[in-house]
Amino acid sequence: MGRFGARALSMFAGVLLLGGPTKAAVVLDFEGQQDSTVLTNQYPGFSFVNAIILKSGISLNEFEFPPHSGANVVSDNGGPMTITFNPAVQSFSGYFTYSEPLTVAAFDSAHSLVATATSHFSNNEALSGDQGSSPNEVLSVSSNGGISSITITGDPGGSSFALDDVTVNTGSSPNPTPLPPTVLLTLVGLGLVMLFMARRKTRTNLIGTMVAVLGIFVLVESGAIWLSGAPQASRPSGVLAPRIRIVSVKPVAASAKVTVTAQISHPTYIQNSSNLIGISTSGLRALLGRMHDEKGTSVIQVPLGDSPSQLQVSAAFRGRVRRVLSDPKPLKR
């Protein structure tokens, strides 16, 4: 291959390794927590403020804010979310779906700002997001000097984002941001060209080819940036806040089943998103089944076990991270 070919391959390998993982990673997927659990110190080494667990189909609007994995996410509850790390970490990353522009600010032990990251869009919800966006955008921050806490700010009042699959690295070097697919593909193509040209010992042609490939990459990225600035998709809105009312709970003759009918009327309602929730005597919520829409109402017929003492209907509406819940209705047996 020759000295020049070996040098070219070495350069290419070094570039690819920039996106490689580091050791000592800790991942939180938030599974195993009950719906509406307020997070504080449940995870060793992590302390949460203004954070609440939302579960798909119960409190989480999974149509707009789908989890990156599993059924649970953590959301901002009443204000910007703060996560404190003990000991300090070198990097933080997570998958975000948001209805407002996000800022992730990282601080050291003296509470000095050491790194920031901002969302690429104003809104990346699954149904109502900006053109070109998609849910579960990766945002990350890192600092060689260590990160003692981060603050994630969307809407100052909270309920503006869902966070899933948090990864922190406590190793000796920060975890770099993963290379986007367009970058990775460009580098792979560049490496193959470098290898081919090196074998032919045409150094001048190699430099020209590298410039051309990098130029193509710049054009591709510029197109992506232009698309991200395209006009937003229209988001429906209603004058009155969404409301759900359980109209009737009727026992089915000669069976342990009931038919539940709920009335839902709002322009932002996501069709066929209503679920029936059972509430135990201890206050825990469980998903009993998906309802179906019939002429302005949602209906379900379900068998009832011994656990629910109350029934509640949960429905999803565009632009809301949390589902809207009806008033609980006592179950008469």
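The values are calculated or read from the model by the stated rules, or taken from the named source; none is laboratory data. As the structure is a prediction and not an experimental result, all values here were calculated from the model. FYI the Cβ positions are ideal-geometry reconstructions off the backbone, even for glycines, and counts take in every protein chain you see.
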* Does S307 satisfy being under 29 Å from Y98 (Cα atoms), in a loop (DSSP other than H, G, I, E, B) and at pLDDT below 90? -> no
* Asked: Looking only at residues in segment 102-120 that are among the hydroxyl-bearing types (S, T, Y) and over 15 Å from A88 (Cβ atoms), which one is surrounded by the fewest Cβ atoms within 10 Å (Cβ to Cβ)?
  -> T118
* Asked: If only one of S282, S273 is under 30 Å from D155 (Cβ atoms), part of a loop (DSSP other than H, G, I, E, B) and either of a type outside the set (F, W, Y) or in contact (Cβ under 8 Å) with a residue 40 or more places away in the chain (or both), which one is it?
  -> S273
* To do: Please indicate, with yes or no, whether at least one residue in segment 139-151 is farther than 27 Å from G171 by Cβ, at pLDDT 95 or above and out of contact with any His (no Cβ under 8 Å at 6 or more places or on another chain).
  => no
* Which condition does S273 not pass, out of (1) within 30 Å of S134 (Cα to Cα); (2) at pLDDT below 95, if it passes all the others? -> (2)
* Residue identified as modelled with pLDDT under 95, within 19 Å of the chain's Cα centre (by Cα), aliphatic (A, V, I, L, M) and not in a strand (DSSP E or B) among L179, L185 -> L179
* Asked: Listed residues S273, S282; which is under 29 Å from V38 (Cα atoms) and either surrounded by fewer than 18 Cβ atoms within 10 Å (Cβ to Cβ) or not assigned by TED's automatic domain parsing to the domain that holds L325 (or both)?
  -> S282
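Is it fair to say D108 is more than 28 Å from G57 (Cβ to Cβ) and either touching a residue at least 12 places away in the same chain (Cβ under 8 Å) or not basic (K, R) (or both)?
yes
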* Going through segment 100-128 one residue at a time, which ones are in contact with a strand residue (DSSP E or B) (Cβ under 8 Å, 6 or more places away or on another chain) and closer than 16 Å to H68 by Cα? -> N124, E125, A126
* To do: Pull up segment 310-333, narrow it to residues that are part of a loop (DSSP other than H, G, I, E, B) and surrounded by fewer than 15 Cβ atoms within 10 Å (Cβ to Cβ), then point me to the one that is nearest to the chain's Cα centre (by Cα).
  => D327
* Structure fact -> For segment 291-309 the number of residues that are within 19 Å of N61 (Cα to Cα) and loosely packed, with under 14 Cβ neighbours inside 10 Å is 1
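For segment 37-99, which fully contained strands (runs of 3 or more DSSP E) count at least 3 residues that are crowded, with 21+ Cβ neighbours inside 10 Å and outside the structural domain of L276 (by TED's automatic domain parsing)?
Numbers: elements: 46-49, 51-55, 72-76, 81-98.
Output list reads 51-55, 72-76, 81-98.
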* Criterion (under 23 Å from R318 (Cα atoms) and in a strand (DSSP E or B)) met by exactly one of L163, L139 -> L163
